[in-house]
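Encoded as C-alpha cells, the structure appears first; notes follow it.
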Amino acid sequence: MPEGARIIPIRNALLFARHEYLQRVPTLSFIFSTLVLPAIFVAIIWLPTVAARRISGLSTAPARRWKIAIAGPDTALNADVARALDDKYPGEFQIADHLAAAPSSKSLAAQVRSGQIDGYVTISDGARMPVTAEFTRPDSILGDGPATELKYAVWLAATEGWMTRHGLPETSAARIFNIVDFKTVTVKVAPSRHKESRLAAVVVLMMVMFFSLLTYGVMVMRAVLEEKNSRVAEVLMCSTTAGELMAGKVLGIGALGVTQVTAWAILGALFASQIPGAFSTIVAMGFGIGTLVWFVIFYVLGYLVYSAMYAAVGAAFNSSDEAQQWNFIIMLPLIATAALLNVAIARPSSLLIVAGSIFPLTSPVLMYARMAIGHPPIWQVALSVAVLAATAYLAIAVSARIYRVGILMYGKRPTVQEVIRWLHYA
Amino acid sequence: MGTTVDLDCVRKAYDSTVAVENLSFALNSGEVFGLLGPNGAGKTSTIRMMIGIVIPDSGAVRIFGNPISRAALRRVGYLPEERGLFRRMTVRDNLMLLGELAGLGASDALRRAREWTARLGLEEWISRRVEELSRGMQQKIQFAAALIHEPDLIVLDEPFSGLDPVNANSLKEILLELKREGRTIVLSTHRMDHAEKLCDAICLVDHGRVVVEGGLREIKSNYGKRFVQIEYQGPPGLLADSPLIDSRNDYGNYLEVGLKPGADSQELLREVSAAARLSRFELMEPSLEQIFIDRVGRRDA
C-alpha cells in the first residue's frame, strides 16, 4: 500500500483527532448547538400545537363565540335554528337578527365586512322541501368556521318542523335523533407488531445523520481545506502520512458529533423522566437497548463513510466555493434512502431494499429500518456492517490519496478526470 | 564527513510543465547549503522532493544515506515558504502538536515550546492564537515549529521573507548557532546577500537545471577576478558595444562588467579611459549576486 494511504500507526491519527476535538469542544457554536438547538427544536414542534389548540378552542381556554345572523322568510324556522344552536352548542353562538323576515343580503354582507358579525345564514321556507340554506362568512376565517355546527342546527330544526307538520309528536323527533350513540374507542397494540411507530427510531437516526453530516461532514471538509490552504499540510507531511491526517480529522470531528448526539440523548432522557409514561412511549417507538446499540453502530459507521467523502472533496479542491456543489451530491444517497423508507416498510425483503441495506451509502438507514421492522438474516446484517467498515477505511485511504496529491496542486480547480488520475499517482 | 542529502538525476514535471530536470547535487553533513535561483526556478519543488512531499518522476533522493522514510523524516525540520501553522490554535498548541507529531512526549513538547518562545522573545504570546500575531512573529513561530524536535537536517524555504532586518539578523544568529552544533541546513532564497554570508556551499538553479554548484569559496575563486568595477564621468552607454565583455550592469555613474574569457583587463582599461573620465577601475572577485545575474541573465539572453 502506498505511503499516503497507510493508516497505521495510529498514534499520530489519535493526536490529530484529539487536537481537532479539543479545539472545537469549547467553542461557543458547539455549546450553542448542543444545548440551545434542542430547545429551539422542541419549541418549533411545541408552539404550533399549542397555538393550534388555542385557535380551534380545544384547550381549556374559553371557546370562541361566533356572532351569526339568521335570515329567511320562515321566521319560525329561523327561531328554531337559533334554539337548536343554543341547545346543542351552548355558549358558542350569539344570534343576531334571527327574525329578519325579509333578508337584505347586502346589509348583512356589509355587517360581515365591517366585522359586526362573523357570518350569516339564509334559510328558505321550511314548508317547501328541500330546505335550502346558505352560510356566508368572511374569507378571513380559517377552515370552514362554524359551518358544520350550523348545518346540523338547520337540519335539526327543519326536520323537526317537517315531522310536526306531518303529525308526528315532538317527543318522537328527539327520540329518533337519539337512536344511535356512536363512540370511538382506542386499543393498545403491542409495539413489536407496530411497524410504523417503530420506524420513529429510524427516522430519528436519519435526522441525526442528516444533521451530523450537514454540520460535521462539512466541518471535516473545511478543516481539510483550511489546512491545505495554510500550507500546514506541508509541515505535517514531514512527520505524518496523509492517511493519519485524514483518519485523525474524521475521527476527531466525528467524536465531536458523537458527543453532541450523546448530550442530546441524555437531555432527552432527563426530559422524558419528568413526564410520566414517557419512557414506555419511547420504548414503543422502537428505542430498546438493542436498537440503541445498533443505532450507535450504524450512526458511527455511516458517519465515518460520509465524512471521509467530505474529506476527499476538501482534499480535491482549493476553496469551499469550489467544493460547494459536492456538498449536495454527497448527500444525495442519503436523501434517496428517505424516499426508499416507504418501500422498506411495505416490502422489506424486496431485492431493492436488500441491496440498499448492503450498499454502504444507503445501508446505515435501510438496514437499521429493516432491523426495526423485522428480522433480516444475520449474515446480511453482518455483511452490511462489514461493507460499511471497509468502505469507511477505503474512503479515508482514497481521500488521503487525493489529499496527498491535492496539496501539491495549488490554484487550479481540478477536473473529475484529474482527481481520478491522482488516485493512480504514487 | 558524509552526505546528508543526495539528489541524483532528479526530474519532476507537473502535467506539461517541467519543474526540475536532471538535477543532481549533494549536501555535506554540517554545512549550510544555499539553494539559489530566480522565482520559478524549481527551488521549492526541489526542497519538497528532499522532504518527501513530492515524489520525483525519475531519479533518486537519499537523506542520511537512505531513501526517504518516515524514520528519516523525523530527523528533518521544515519551514515552508508560506505560513504553515494552524491559525486558530494558540502558539503553544501549535508547537506542542507539531512536536508531538515529530515524536516528542507531551511534557517535552510543552517544555520546548516554552523554551523556543522565550528564545524568540515571544513568551507573552504563547497563549495567543496564531492569527493574532504579526507576520514577522508568525514567521518566528514557524521557525520554532521547524526546530522544536531538534532535527539533524533543517530545511528552510525562504526563511527571511517577511522579516525586518532586526528579526532577520536574530534568525541568522540562531542559524549560525545551529551550524556550530553540527546540524545541516538547507536554505532556499533569492536574497544573495544572505546566502553569501551564511552558506558554505550553494547550488544555483534556473529553469529546473543546475547552473552552478559547489563550495561558495571555490565557485568564487574559479570565477577569477573577471569582474571590473568602474566609476566614471562620461557619456551614458559606456562599453555597451565592447567586444571584451560579456555582462554589463550599469548603475549610471558606476558600472560593473564581466570580462569575456581570455579578454585582457588592460585592454579594457585602455578602451574605457579613451571614452570617459575614470575615478576608479578595480578588478574583483564576483559577488554571489554578480554570479547569479551573470549566469541566469546569460541563460535568458
If you consider only alpha-carbon coordinates, what radius of gyration and Dmax does the range B:82-233 have, in Å?
18.5, 67
Say R0 is 22 Å: what FRET efficiency, to the nearest 0.05, do B:Asp164 and B:Glu115 get from their beta-carbon distance?
0.40
When 1/r is averaged over all different Cα pairs and the result inverted, which Kirkwood radius in Å belongs to the range A:66-178?
14.4 Å
With each label point set 7 Å from Cα along the Cα-Cβ vector, what nm distance links B:Asp241 and A:Ala51?
9.2 nm
What nm distance separates the two modelled labels at A:Ala355 and B:Ser29, each placed 7 Å from Cα along Cα→Cβ?
6.3 nm
Surface accessible to a 1.4 Å probe, B:Leu278 within the full protein complex, Å²
60 Å²
Taking the Cα centre as origin and putting +1 on Lys and Arg beta-carbons and -1 on Asp and Glu beta-carbons, what dipole magnitude results for the range B:1-102, to the nearest 20 debye?
360 debye
Translational D in µm²/s for the range B:166-301 (Stokes-Einstein at 37 °C, 0.692 mPa s, Kirkwood Rh from C-alpha pairs)
196 µm²/s
Gain on full stretching of the segment that runs from A:Asp181 to A:Ser105 - 0.36 nm per residue minus C-alpha separation:
23.5 nm
Positive-end residue, the protein assembly as shown charge dipole about Cα centroid, Cβ charges, pick of A:Ala69, A:Val112, B:Gly30:
A:Ala69
Once normalised by the length of the range B:3-220, the mean sequence separation of its alpha carbon contacts under 8 Å that are 6 or more apart gives a contact order in percent of 31 percent
So which lysines pass the test for A:Lys67, namely a Cα distance under 25 Å, with those fewer than 8 places away in the same chain ruled out?
A:Lys88, A:Lys106, A:Lys151
How far, in nm, would the chain grow between A:Met129 and A:Val204 when pulled straight, counting 0.36 nm per residue and subtracting the alpha carbon separation?
21.3 nm
What ranking do A:211-222, B:226-237 get when scored by the average of other Cβ atoms within 10 Å per residue, highest first?
A:211-222, B:226-237
Of B:Lys140, A:Lys249, B:Lys197, which has the most accessible area and how do the rest follow, probe 1.4 Å?
B:Lys197, B:Lys140, A:Lys249
Assuming 0.36 nm per residue, please report the length gained on full extension of the stretch B:Ser265 to B:Lys225 beyond their Cα-Cα distance.
13.4 nm
Pop the C-beta distance of A:Ser140 and A:Glu92 into the FRET formula with R0 = 25 Å and round what comes out to the nearest 0.05.
0.85
I'd like the mean, over residues of B:71-82, of how many other protein chain beta carbons sit within 10 Å of each residue's own Cβ.
3
FRET efficiency for A:Phe271 and A:Asn342, Cβ-Cβ distance as r, R0 = 35 Å, nearest 0.05?
0.70
Quick one: if you stick a label point 7 Å off each Cα along the C-beta vector at B:Arg74 and A:Leu394, how many nm between them?
3.3 nm
Give the accessible area for A:Arg83 in Å² (nearest 10); use a 1.4 Å probe, count only protein heavy atoms, and leave out ligands, DNA and RNA.
140 Å²
Once you average over the residues of A:235-245, how many Cβ atoms of partner chains fall within 10 Å of each Cβ?
6
Once Rh for the protein assembly as shown is found with the Kirkwood sum over Cα pairs, what is the Stokes-Einstein diffusion coefficient at 37 °C and 0.692 mPa s, in µm²/s?
99 µm²/s
Cα-Cα over 30 Å, subset of A:Lys228/B:Lys43; A:Lys249/B:Lys179; B:Lys172/B:Lys220:
A:Lys249/B:Lys179
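Got a number for carbon plus sulfur as a percent of the protein assembly as shown's accessible area, 1.4 Å probe?
With neighbouring chains kept in place, the figure for the protein assembly as shown is 59 percent.
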Shielding by partners for A:12-18, please: the mean number of other protein chain Cβ atoms within 10 Å of each residue's Cβ.
2
Mind checking which of B:Val10, B:Thr46, A:Ile253 is farthest towards the positive end of the protein assembly as shown's charge dipole, using Cβ charges of +1 (Lys, Arg) and -1 (Asp, Glu) about the Cα centre?
A:Ile253
Check: C-alpha center the range B:140-167 vs C-alpha center the range B:28-73, spacing in Å is 17 Å
Cα-centre dipole for the protein assembly as shown with unit charges at Cβ (Lys and Arg positive, Asp and Glu negative), debye to 20
1900 debye
Which value, in Å² and to the nearest 10, is the accessible area of B:Val166 when all protein chains are kept and the probe is 1.4 Å?
110 Å²
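The values are calculated or read from the model by the stated rules, or taken from the named source; none is laboratory data. These figures come from a predicted structure and were not determined experimentally. Glycine gets a Cβ as well: all are built from the backbone with ideal geometry, and neighbour counts include every protein chain shown. Areas reflect the complete protein model, heavy atoms only, side chains present, ligands, DNA and RNA absent. Shrake-Rupley method; radii C 1.70, N 1.55, O 1.52, S 1.80 Å.
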